[in-house]
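The values are calculated or read from the model by the stated rules, or taken from the named source; none is laboratory data. Model, not experiment: these values are computed from the prediction. Every residue, glycine among them, receives a Cβ derived from its backbone with ideal geometry; neighbour counts consider all protein chains shown. Areas reflect the complete protein model, heavy atoms only, side chains present, ligands, DNA and RNA absent. Shrake-Rupley method; radii C 1.70, N 1.55, O 1.52, S 1.80 Å.
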Amino acid sequence: MTESGDTTPRTASRRHVLAGSAAVGAAAVATGLTGPLAAATPARGGATGAGRPITGDPFTLGVASGEPDQHSVVLWTRLATDPLAEGGFGGMGSRHVEVHWELALDERFRNIVRRGHERTGPDHGFAVHAEVAGLLSGWEYFYRFRVGRHVSATGRTRTAPPIGAFGAGLAMSFASCSQFEHGWFTAYRHLAADEPDLVLHLGDYMYEYKPQVYISPDGNVRDHAGPETETLANYRQRYAQYRSDLDLQAAHAVAPWLVVPDDHEVDNNWAGDIYEKPHIPQPDFIQRRANAFRAYYENMPLRRRSKPSGSEIQLYRKVSWGSLANFHMLDTRQHRDDQACGDGWKVCEDAADPARSLTGDEQEAWLLRNFRESRARWDILGQQVFFAQRLSATGARSMDGWDGYQGSRERVTEGWIDAGVRNPVVLTGDVHTHWANELKENYADPDSRCVGTELVTTSISSGGNGKDSDPSTDPNLRRNPHIKFFNQQRGYVRTRITRNELRADFRVLDRVTEPGAPARTRASFVVADRNPGLTEVDPA
Ligand code: FE
Ligand code: CA
């Protein structure tokens, strides 16, 4: 493939598959996916193991793909006939099941290029992770699963372009913080409708709370199932509840995802082996962390190398999109020091102690090495917590973000400068608000040069409807001149990345308390090649 050639078959077919699968609605998921396809493609036998035959659709949790590289991608599903069933097995009992998958060049599966099967059962939480290799680079594919006569929704996925190629550009959207109780996941549906090539999820994919303890200012629209998640069964049940959401299923089905968890996938504001501070003591926190990681792996389209070992999981990783972009996906929870000065918003000297680390030494060394070795046009951190300096009216900072680990931030910033990284970009979630920030070499010096750019996505639903604000009078912007945009509505960020520029559209919804709200672009910014910093452009 040449640099300029986007050889991907982009036709009306993509729209067709989305209209016929999970992207459009409940009716499609319920009716379009089992009958005709199953009849046309009879099971090849041995679909189920011992025990009762499966009655009911086992594909209620949808399909997903992730971790694309030049030649391979992970295909995911998890079987559940009754997602909220007690015990976390989604009504699948103790049987083992053979799950067949197909990958095709077209959404009608006329040109199937790979087939395989994976055995799953209670030990895997009925999850399937198929790593499909030997694929064409920079190519669009379609996939589906089958168990007996049941056929899943169709997903669309894509491999990365080869190193040396820039492709025609990358449409990447990123999201964070989807609290099931706080609102409908309409933003996920809008994200899917954009048909991105790649989706990044930056954490708080689910929340651990029992029903009705974390209440949105607009009131909760639905309840979590089960108690606060601590056992493996509870985490599995909670993920099944989230995965049942059809808007979320649409977003997974449209494109491959790169995911990193933040705190709520385990416990609010946990740090390393330390649980949330004001909470009641948790003598079994390490076991809880192991349960949370295991359920996270089971429910995400991760490669086998990210399968947790006890209470540890390997999540930081680099994913290259040809020579256009490197995505450095970070884990800023598992290896961090405890929050300084007892967490919260503080004026805190310890936060500047260079001995403190948000990433841990190993991850930091890996990241700085990535910078030195990078030949990519854009080096993008996919990570969780606020990177730029952010001061409150009293000069306090959030101890949970990079402001609470200033030595880590300085070492990463110097790493960009020392390695001559061409275009450093940081993508962030966690704070339930949109922000666009210029990253400074030295925040204490107003004349310090801009060395990179940070885009912070608001939540999908956490915090309820939120509200719009006038960026030109916002106190956050006046106190922090390197911050160029702030908005408190719900939504996601849509980017378009080419060799010449990165464009970001901050997408917002009027409300999440009723389903189906329209989305609009609240503001758009461009970052030009070799010119860190933000230029506001007309919204699109
Ligand atoms: Fe959150
Ligand atoms: Ca968070």
Inset, instruction - Add +1 for every Lys or Arg and -1 for every Asp or Glu among the other residues with Cβ under 14 Å from the Cβ of residue 265, and state the total. - result: -4
Legend entry - Cα-Cα over 29 Å, subset of 346/467; 210/307; 277/440: 277/440
Inset, instruction - Run through all the Cα pairs of the range 163-537 and give the fraction in each 10 Å bin from 0, expressed as whole percent. - result: 5, 25, 36, 27, 7, 0
Inset, instruction - Measure nothing but the geometry: give the 0 to 90° angle between the long axis through the Cα atoms of 361-373 and the longest principal axis through the Cα atoms of the chain, rounded to 10°. - result: 90 degrees
Inset, instruction - Round to a whole angstrom and tell me the spacing of the C-alpha centers of the range 230-272 and the range 390-421. - result: 28 Å
Inset, instruction - Using a 1.4 Å probe and ignoring any ligands, DNA or RNA, find the accessible area of residue 441 and quote it in Å² to the nearest 10. - result: 80 Å²
Inset, instruction - For the range 435-461 and the range 128-173, compute the distance between their C-alpha centroids and round to whole Å. - result: 33 Å
Inset, instruction - Normalising by the residue count of the chain, find the relative contact order in percent from Cα pairs under 8 Å and 6+ residues apart. - result: 14 percent
Legend entry - Largest to smallest accessible area among 422, 305 [probe 1.4 Å]: 305, 422
Legend entry - Whichever aspartates and glutamates have a C-alpha closer than 13 Å to that of residue 484, once near sequence neighbours (fewer than 8 apart) are set aside: 438, 454, 470, 474, 536
Inset, instruction - Report relative contact order for the range 319-470 in percent, whole number only (criteria: Cα-Cα under 8 Å, sequence separation at least 6). - result: 23 percent
Legend entry - Electrostatic dipole magnitude of the chain [Cβ: Lys, Arg +1; Asp, Glu -1; Cα centre; debye, to 20]: 1900 debye
Legend entry - By accessible area with a 1.4 Å probe, ligands and nucleic acids excluded, highest first: order of 181, 230, 536: 536, 230, 181
Legend entry - Helix-only CD estimate at 222 nm, as mean residue ellipticity for the chain, using -39500 (n - 2.57) per DSSP H run (n ≥ 4): -5000 deg cm²/dmol
Legend entry - For the range 163-537, share of DSSP beta bridges that run antiparallel, in % to the nearest 5: 70 percent
Inset, instruction - Please give the residues of the range 366-391, grouped as numeric ranges, whose backbone N is less than 17 Å from a label point set 7 Å along the Cα-to-Cβ vector of residue 444. - result: 389-391
Inset, instruction - Would you tell me the accessible area of residue 210, worked out with a 1.4 angstrom probe on the heavy atoms of the protein chains, in Å² to the nearest 10? - result: 100 Å²
Inset, instruction - Normalising by the residue count of the range 387-540, find the relative contact order in percent from Cα pairs under 8 Å and 6+ residues apart. - result: 20 percent
Inset, instruction - Starting from the range 128-230, pick out the trypsin sites (Lys or Arg not before Pro) whose DSSP state is loop and whose Cβ has at most 15 other Cβ atoms within 10 Å. - result: 222
Legend entry - Karplus-derived 3J(HN,Hα), 6.51/-1.76/1.60, for each residue of the range 515-530, Hz, glycine and proline x: x, x, 5, x, 10, 9, 8, 7, 7, 10, 10, 10, 10, 8, 3, 6
Legend entry - Hits among lysines - C-alpha to C-alpha of residue 318 under 16 Å, sequence gap 8 or more where chains match: none
Inset, instruction - Provide the per-residue ³J(HN,Hα) series for the range 459-469, in order, calculated from phi with Karplus coefficients 6.51, -1.76, 1.60 and θ = phi - 60°, each as a whole number of Hz, with x at glycine and proline positions. - result: 7, 5, 8, 4, x, x, 4, x, 7, 7, 8
Inset, instruction - Would you rank 86, 98, 414, 118 by solvent-accessible area, highest first, keeping every protein chain in place and using a 1.4 Å probe? - result: 86, 414, 118, 98
Legend entry - Length released on extending from residue 314 to residue 410, taking residue separation times 0.36 nm less the Cα-Cα span: 32.1 nm
